[in-house]
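The values are calculated or read from the model by the stated rules, or taken from the named source; none is laboratory data. Just so we're clear, the structure is a prediction, and the values are computed from it rather than from any experiment. Neighbour counts run over all protein chains shown; Cβ positions are idealised from the backbone, glycine included.
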Amino acid sequence: MHRSILSSNPDSAPYCRWRDAKLAAQPARPEQFLIDIADPLKLTADERKSLQYPLQHYRFVIFRTRKPAAVDKNTLRELGLQFGLTTLDGNLCADDDQISSLRVFDHGRGNAYIPYSNKPLSWHTDGYYNPASQRIHSLILYCVQDAAEGGDNQIMDHEMAYIQLREHKPLLASALEQPDALTIPANIENGEQIRSATVGPVFFLSPQDGQLYMRYSARERNIVWKDDPLVREAVKELKKMMHPDNPYVYQYRLKPGEGLLSANILHRRLGFADTDAQQRLMFRARYFEALKLAES
């Protein structure tokens, strides 16, 4: 992919070719991104080929393992290695092995962050607050146990969000490509700065693989958008399109043994309720590397 696809010219030839190919490849039905795999530790050639198509064209795939009880964090780490994912983002609330256990925390640091509660989690890409040198390119989210009620994920390929925004009004897409479009203020805990402020674009091409990525959060607190009328209009349009009525927004409730492997696409989580007998637990592994896919 070449930087010219980000041109504000709606008739840019590289952009039009990329857009047309992208639209032609979209799934006719959601089941096309659900792939069964026998052993995540060692994918077969056919399994890898089946996983690669949605990863290339939708930027995500949902995989389903045949033996969920045999899957642990090491299994997910080995799955990631098969796609060139080696460097985990050891974020604040990650476990010692740098993979996060997403469950409800009643106390401790995790209790202060929405992912570790049963509250709805707004639309975002992971690590939107990370500096440019530590951008999150890839994500594995694996369901150990689903909630007793709720907890569905809504997901949207950020490339489709870019296309829809650009087709609506090209200048809005360009506004979100500005290097200072989105600022995340410093994170202060108990008077101590634990992360400095980060400034960057919303849409950008990664130097790793030349593909389009996104850093975004629909949160209204601790978010500073550039004081630019086009940026403000673009943010409003993005929020409108992240609606269940959009045909490119998919809702899916991961079940035990199922996982999401993605190029850090847009996603959100609905609220949920646990019981004593059934408590939601997800493993989340996020990586600095882009997915390594074979050329098609």
Inset, instruction - Output yes when any residue across region 78-92 is surrounded by 12 or more Cβ atoms within 10 Å (Cβ to Cβ), at pLDDT below 95, of a type outside the set (Lys, Arg) and farther than 23 Å from Arg135 by Cβ, and no when none is. - result: no
Inset, instruction - Being within 27 Å of Phe33 (Cα to Cα), among the β-branched types (Val, Ile, Thr) and within 16 Å of the chain's Cα centre (by Cα) narrows it down to one of Val71, Val61, so name that one. - result: Val61
Legend entry - Single condition Glu289 does not satisfy, out of (1) among the acidic types (Asp, Glu); (2) in contact with a Leu (Cβ under 6 Å, 6 or more places away or on another chain); (3) over 22 Å from Phe60 (Cβ atoms): (3)
Legend entry - Pairs with Cβ under 7 Å, 6+ apart, first in region 154-165 and closer than 13 Å to Pro247 by Cβ, second assigned to a helix (DSSP H, G or I): Ala161/Leu238; Ala161/Met241; Ile163/Arg19; Ile163/Lys22; Gln164/Met241
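Residue by residue, here is whether (1) at pLDDT 95 or above; (2) more than 14 Å from the chain's Cα centre (by Cα) holds:
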| position | (1), (2) |
| --- | --- |
| Pro207 | no, yes |
| Gly210 | no, yes |
| Arg221 | no, yes |
| Val235 | yes, yes |
| Ile265 | yes, no |
| Phe272 | yes, yes |
| Gln278 | yes, yes |
| Ala290 | yes, no |
Legend entry - Considering residues of region 175-199 that are surrounded by 19 or more Cβ atoms within 10 Å (Cβ to Cβ), of a type outside the set (Val, Ile, Thr) and not in a loop (DSSP other than H, G, I, E, B) only, the residue nearest to the chain's Cα centre (by Cα): Leu182
Inset, instruction - Please state which of the following conditions Tyr129 fails to meet, knowing it meets all the rest: (1) at pLDDT 95 or above; (2) crowded, with 21+ Cβ neighbours inside 10 Å; (3) assigned to a loop (DSSP other than H, G, I, E, B). - result: (1)
Inset, instruction - Go through region 234-267 and give me each residue that's in a strand (DSSP E or B) and hydrophobic (A, V, I, L, M, F, W, C). - result: Val249, Leu260, Leu261, Leu266
Legend entry - Exclusive hit being farther than 29 Å from Leu51 by Cα, hydrophobic (A, V, I, L, M, F, W, C), in contact (Cβ under 8 Å) with a residue 40 or more places away in the chain and surrounded by 20 or more Cβ atoms within 10 Å (Cβ to Cβ), set Ala263, Ala234: Ala234
Inset, instruction - Could you grab me the full set of residues in region 268-279 that are more than 30 Å from Leu43 (Cα to Cα) and in a strand (DSSP E or B)? - result: Phe272, Ala273
Legend entry - Residues of region 68-86 that turn out to be farther than 12 Å from Leu291 by Cα and either touching a residue at least 24 places away in the same chain (Cβ under 8 Å) or touching a Phe, Trp or Tyr at 6+ places or on another chain (Cβ under 7 Å) (or both), as a count: 7
Inset, instruction - Have a look at Gly191, Gly150 and point out the one that is on the phi > 0 side of the Ramachandran plot and modelled with pLDDT of 95 or more. - result: Gly150
